[in-house]
């Protein structure tokens, strides 16, 4: 195992975030605050509670997931795409680094950044509402699993993309709509029965629901189903990455 | 001598069907400086990429230090340093950090004293905290060399290292190459500057159309393929080559002011003495005599002239 390589890839990726520290920290803080003002303040004043939870509090897990998913994907996809784009990937390909070591370095750094951002969002949310977490262990488990899984997904996008448009297309056209329609700001029980059934095909529903359960013991679907879904998605991403590495897909000519 | 890199019947066909390497076999001896010459698209970069692991190859095998470079890639890659042709560097990292990053990638533990010495040797020490985007092209080239040497490799591939750099840096680089060779590092150099190969290489390999046309000791190559010319300036211009000199490989210079005699330096007898006697007997008066030897460039041009380069492939 080339631990030095993992260390330097991880460090280099974290340094990239450090170099844009203001953007890294300010962006989630500002967007979280804006969501609280718009959803928590404006809409929340008309919706008192959802499933017995104050609306401002209810949206915290969904809000965190929204940022976590998009940040994990963009951090990881950019992390591997950029070396491909500028050509510095040659160094990783020529070094005695296995694909899995590179993966741990890149995805580990992207997931760490997302985790930090997730914590920043929760701290920011605590300024607006009196945050309560009923199951801290499960909250952390869902947080870490989501960061890792979607960083892996971002890594796949970064490997697949051969231009900036492709890099953006999945996060913008698929992930963001899925998160907004995945019960981030509402309970799916508030939807008409037909749309409730349709929504169950949205994987993000399971993430948000499980994550919300760890805060308030309120969930749209069973928490074990949520956990099973995220683990399934994690395994699916790992299988795709494994195939990509075995075949050298989009990495080696 | 033993081969530190042994390339055996390697072929590489890119996805677009371009055959960049065609059954290439080549042994690179431990401690030598090998210059790999060839026109654009000849397959030089593909060959280097196959050895270093950047691209996979379709047929054949490559051994580095007697280990297969696919199966034992951890061992083989640790031994190799690569300076790529393009100035592929990030923008916001500092010189120190990027060189340290490269060392770590190769599994080597941090060794600040080595990095410091490297940066000093390459006149980069005062730039160590500068971001890469602030550096000139020549400085970036030096950084790439520092990165390639960061993990103390035993084999160094320099893919056109002096392309577009000034004379000072080129000479610095030649000095560095000589120092590395003295420390036992094997160096493989691709270059468009044939005088560079002539100056520093021990052996020359010529590659064209994905095939190695020859590999030869530089001096031996020049001796074998090199022609030498004797230029005899005449006091009075000659209208034609006298009949008495028709048996010689001789031609008339511009305006008949000189006779140019081409001979083989490796031949037992050059025929110069007899030629001079025959010139005198033919009634011509000599004004001056000089000789010139064909350069490696002349040899290279002759070799690839009859084998036009294929269209360059994506990475060839």
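Would you confirm whether any residue within region B:78-90 is part of a loop (DSSP other than H, G, I, E, B), in contact with a strand residue (DSSP E or B) (Cβ under 8 Å, 6 or more places away or on another chain) and under 29 Å from residue A:18 (Cβ atoms)? Within region B:78-90 (the criterion being part of a loop (DSSP other than H, G, I, E, B), in contact with a strand residue (DSSP E or B) (Cβ under 8 Å, 6 or more places away or on another chain) and under 29 Å from residue A:18 (Cβ atoms)), the answer is yes, since at least one residue qualifies. In summary, residue B:129 fulfils each of the numbered conditions (1) within 12 Å of another protein chain (Cβ to nearest Cβ); (2) surrounded by fewer than 19 Cβ atoms within 10 Å (Cβ to Cβ); (3) modelled with pLDDT of 85 or more with the single exception of condition (1).
Within region B:117-131, being in a helix (DSSP H, G or I), touching a residue at least 12 places away in the same chain (Cβ under 8 Å) and over 27 Å from the mean Cα position of the chain (by Cα) holds for one residue alone: B:127.
Would you confirm whether any residue within region A:126-140 is part of a helix (DSSP H, G or I) and surrounded by 23 or more Cβ atoms within 10 Å (Cβ to Cβ)? No, region A:126-140 contains no residue that is part of a helix (DSSP H, G or I) and surrounded by 23 or more Cβ atoms within 10 Å (Cβ to Cβ). Of the residues that make up region A:107-122, is at least one within 14 Å of chain B (Cβ to nearest Cβ), surrounded by 20 or more Cβ atoms within 10 Å (Cβ to Cβ) and either in a strand (DSSP E or B) or without any contact (Cβ under 8 Å) to a residue 12 or more places away in the chain (or both)? Checked against the condition, which is being within 14 Å of chain B (Cβ to nearest Cβ), surrounded by 20 or more Cβ atoms within 10 Å (Cβ to Cβ) and either in a strand (DSSP E or B) or without any contact (Cβ under 8 Å) to a residue 12 or more places away in the chain (or both), region A:107-122 yields no hits at all. Summed over region B:132-160, residues that are within 13 Å of chain A (Cβ to nearest Cβ), touching a helix residue (DSSP H, G or I) at 6+ places or on another chain (Cβ under 9 Å) and either at pLDDT below 90 or in a loop (DSSP other than H, G, I, E, B) (or both) total 6. Looking only at residues of region B:84-96 that are within 7 Å of chain A (Cβ to nearest Cβ) and closer than 17 Å to residue B:124 by Cα, we find that the one that is farthest from the chain's Cα centre (by Cα) is B:92. Go through A:57, A:63 for me and flag whichever is more than 13 Å from chain B (Cβ to nearest Cβ) and at pLDDT 85 or above. Criteria check complete, one pass: A:63. Counting only residues that are in a loop (DSSP other than H, G, I, E, B) and either more than 7 Å from every other protein chain (Cβ to nearest Cβ) or on the phi < 0 side of the Ramachandran plot (or both), region B:102-116 holds 5 of them.
Residues in region B:12-54 that are within 13 Å of chain A (Cβ to nearest Cβ), within 18 Å of residue B:148 (Cβ to Cβ) and either in a strand (DSSP E or B) or in contact (Cβ under 8 Å) with a residue 40 or more places away in the chain (or both): 6 in all. Being assigned by TED's automatic domain parsing to the domain that holds residue B:184 and assigned to a helix (DSSP H, G or I), is that true of even one residue in region B:57-72? No; the residues of region B:57-72 include none that is assigned by TED's automatic domain parsing to the domain that holds residue B:184 and assigned to a helix (DSSP H, G or I).
Set side by side, the residues A:72, A:77 differ, and just one is away from chain B (no Cβ under 14 Å), under 27 Å from residue B:84 (Cα atoms) and modelled with pLDDT of 85 or more, which is A:77.
The conditions of being within 14 Å of another protein chain (Cβ to nearest Cβ), more than 15 Å from the chain's Cα centre (by Cα) and either surrounded by 17 or more Cβ atoms within 10 Å (Cβ to Cβ) or free of Cβ contacts under 8 Å to residues at least 60 places away in the same chain (or both) are met by residue A:90.
Restricting A:172, A:157 to those that are within 15 Å of residue A:237 (Cβ to Cβ) and away from every other protein chain (no Cβ under 14 Å) reduces the list to A:157. For region A:9-33, give me the residue count where each residue is at the interface with another protein chain (Cβ under 10 Å from one of its Cβ atoms) and modelled with pLDDT under 80. Residues in region A:9-33 being at the interface with another protein chain (Cβ under 10 Å from one of its Cβ atoms) and modelled with pLDDT under 80: 2 in total.
In region B:28-44 there is no residue that is modelled with pLDDT of 90 or more, surrounded by fewer than 23 Cβ atoms within 10 Å (Cβ to Cβ) and farther than 22 Å from residue B:181 by Cα. When the residues of region B:277-298 are filtered to those that are closer than 27 Å to residue B:245 by Cα and in contact with a helix residue (DSSP H, G or I) (Cβ under 6 Å, 6 or more places away or on another chain), which remaining residue is modelled with the highest pLDDT? Filtering first and then ranking leaves B:278. Reported count of residues in region B:206-256, each being over 28 Å from residue B:23 (Cβ atoms) and in a loop (DSSP other than H, G, I, E, B), is 14. Restricting the search to region B:64-82, which residues are out of contact with any helix residue (DSSP H, G or I) (no Cβ under 8 Å at 6 or more places or on another chain) and within 14 Å of residue B:28 (Cβ to Cβ)? Selection gives B:66, B:76, B:79. When residue A:174 is tested against (1) surrounded by 15 or more Cβ atoms within 10 Å (Cβ to Cβ); (2) within 19 Å of the chain's Cα centre (by Cα), just one condition goes unmet, and that condition is (1).
The values are calculated or read from the model by the stated rules, or taken from the named source; none is laboratory data. Predicted model, so just to flag it, every value in this text is computed and none were measured. Neighbour counts are summed over all protein chains in view; Cβ atoms, including those assigned to glycine, are modelled from backbone coordinates with ideal geometry.
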